[in-house]
Each structure stands twice: as structure tokens, then as C-alpha cells.
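Okay, structure first, notes after.
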Amino acid sequence: MSVVPTSVPTGTRIWLAAGITDMRKGFTGLSALVQNALARSPFCGHLFLFRGRRGDLLKVLWWDGTGLCLMAKRLERGRFIWPQAQSGSVSLSPAQLSMLLEGIDWRHPVRTAAPSIEV
């Protein structure tokens, strides 16, 4: 089961909060980070992603139209790839989000085989 909606609605932005987030934060603390650090409204319907110090835990804050949803994913092996910046945000595409959630380096995805042209 995915930690986010199976398909991100058209027009929904996906934001990574750069830097390290205290993973003890819940709805209120993460909403405050969205407002203060990212200068956005947590009620806009966009996805906001936060990563802890070790890098194996990710939290997603999302307004679904009726309430805030707080989802989490922990990787048993590996780390979530995160921007090097200590503050600010990075926007991802839905495809990059899928890679991130699987523990794949979304910045430099590598194909397992090059496409071949058959004549």
C-alpha cells in the first residue's frame, strides 16, 4: 500500500522540505513548518514531504479536502534521497515521488537496459 494517494490529482504540487525535520512532529508541528519555513498553506491540497535525521523515515502531510492526512513510511534498508540544501523546498513530479518512495535516487534514475531499435 502506498503512503500517498494512488494518483496525484492534476495540479497538485509535491514539495520536499529541505533539511532535517524532527520526526516527533505531528499535524500541528508539520503544518507550522509548511506555513513558516515553506511559506505555503498546508490546506492547499499539495503534498508536503519531510525526512528525519537518519533518512529512513519519511512523513507526508496532505489536505484531502475534508481534513489533514499524515502518512509515514520507513525503509527497512536504504535511505530516502534528499536535497543537500538546509532550508527551502524542492518540487517533484509524480514519477519522481514514486521513485523516492521506493528508495530510488529520483535525481539520477538509471535504466536497467537501453532501448533497442529493431528493424
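The values are calculated or read from the model by the stated rules, or taken from the named source; none is laboratory data. Everything numeric in this text was worked out from a predicted model, so none of it was measured. Cβ placement follows ideal geometry from the backbone for every residue including glycine, while neighbour counts extend to all protein chains displayed.
Taking the condition closer than 18 Å to Trp82 by Cα and among the small types (Gly, Ala, Ser), does Gly55 pass? Against the criterion (closer than 18 Å to Trp82 by Cα and among the small types (Gly, Ala, Ser)), Gly55 qualifies. Does Gly45 satisfy the criteria of being among the small types (Gly, Ala, Ser) and over 15 Å from the mean Cα position of the chain (by Cα)? Considered against the rule, which asks whether it is among the small types (Gly, Ala, Ser) and over 15 Å from the mean Cα position of the chain (by Cα), Gly45 comes out as no.
How many residues are free of Cβ contacts under 8 Å to residues at least 12 places away in the same chain and either in a loop (DSSP other than H, G, I, E, B) or at positive phi (or both) when one looks only at the stretch 29-63? Break it down stepwise before answering.
First, pick out the residues of the stretch 29-63 that are free of Cβ contacts under 8 Å to residues at least 12 places away in the same chain: 29, 32, 35-36, 39, 41.
Next cut, either in a loop (DSSP other than H, G, I, E, B) or at positive phi (or both) only: 39, 41.
The total comes to 2.
For the stretch 64-86, the tally of residues that are exposed (fewer than 15 other Cβ atoms within 10 Å of the Cβ), in a strand (DSSP E or B) and out of contact with any Lys or Arg (no Cβ under 9 Å at 6 or more places or on another chain) stands at 1.
Of all residues in the stretch 6-28 being outside any loop (DSSP other than H, G, I, E, B) and in contact (Cβ under 8 Å) with a residue 12 or more places away in the chain, which is surrounded by the most Cβ atoms within 10 Å (Cβ to Cβ)? So the residue we want is Leu16. In the set Ser89, Ser31, only one residue is surrounded by 15 or more Cβ atoms within 10 Å (Cβ to Cβ), of a type outside the set (A, V, I, L, M, F, W, C) and under 13 Å from Ile14 (Cβ atoms); that residue is Ser89.
When you go through Val8, Val110, Val3, Val90 one by one, which is the residue that is modelled with pLDDT under 90 and over 16 Å from the mean Cα position of the chain (by Cα)? On inspection, the qualifying residue turns out to be Val110.
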